Amino acid sequence: IIKKSYLEGALDGRLYSYLKTWENNNDIADDIFSETVDYLSIRELIKNIDHFYSDPLNNYIPIPSAILIANMYAKRMNMDKIERYIVSTRDWINSLMLDLDTLNYSKLLEQKVTKYQKN
């Protein structure tokens, strides 16, 4: 029930973001949110995401990306395209984690203090 609630919340949040974007510019909303995420039932989505995360290489991939990937598999998209998306998502999250690990927090705080002292 926790997984179901979490996924429903993620999908509701995505729908809310789409609708808020659509209010301002429906072309941008349609372009940004063009991926289908409701191809599977919640039960099927949980099963597919559990299978996806059974591979330890996928542990750091965010849930929203896993939702897209599960739907890509369900739609029987080209396997090469799915694999390229998975690899690019892994690369993105790994570089993000590396950036956070090497971030100089004191320099970041100093920049914030300087920025707000000017204002």
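What to note about this one:
- Among the residues of the range 71-92, those that are basic (Lys, Arg) and either touching a helix residue (DSSP H, G or I) at 6+ places or on another chain (Cβ under 8 Å) or not in a helix (DSSP H, G or I) (or both) comprise 75, 76, 81, 90.
- Whichever residue in the range 28-47 is without any contact (Cβ under 8 Å) to a residue 24 or more places away in the chain and among the polar types (S, T, N, Q) and, among such residues, is farthest from residue 1 (Cα to Cα): 34
- Filter result for residue 97 (surrounded by 10 or more Cβ atoms within 10 Å (Cβ to Cβ), modelled with pLDDT of 90 or more and under 20 Å from the mean Cα position of the chain (by Cα)): no
- Of the residues examined, residue 68 is not one that is free of Cβ contacts under 8 Å to residues at least 60 places away in the same chain, outside any helix (DSSP H, G or I) and not charged (D, E, K, R).
- Listed by first and then second residue, the pairs linking a residue in the range 1-27 that is without any contact (Cβ under 8 Å) to a residue 60 or more places away in the chain to a residue that is assigned to a loop (DSSP other than H, G, I, E, B), with Cβ atoms under 6 Å apart and 6 or more places separating them unless they lie on different chains, are 18/33.
- Considering only residues in the range 41-70 that are over 26 Å from residue 97 (Cα atoms) and touching a helix residue (DSSP H, G or I) at 6+ places or on another chain (Cβ under 6 Å), the one that is surrounded by the most Cβ atoms within 10 Å (Cβ to Cβ) turns out to be 45.
- Helices (runs of 4 or more DSSP H) within the range 1-60 that include 1 or more residues out of contact with any Ser or Thr (no Cβ under 8 Å at 6 or more places or on another chain) and at pLDDT below 80: 2-24, 26-32
The values are calculated or read from the model by the stated rules, or taken from the named source; none is laboratory data. Nothing here was measured: the structure is a model prediction, and the numbers come from that model. Counting neighbours? That spans all protein chains shown, and the Cβs are built from the backbone with ideal geometry, glycine included.
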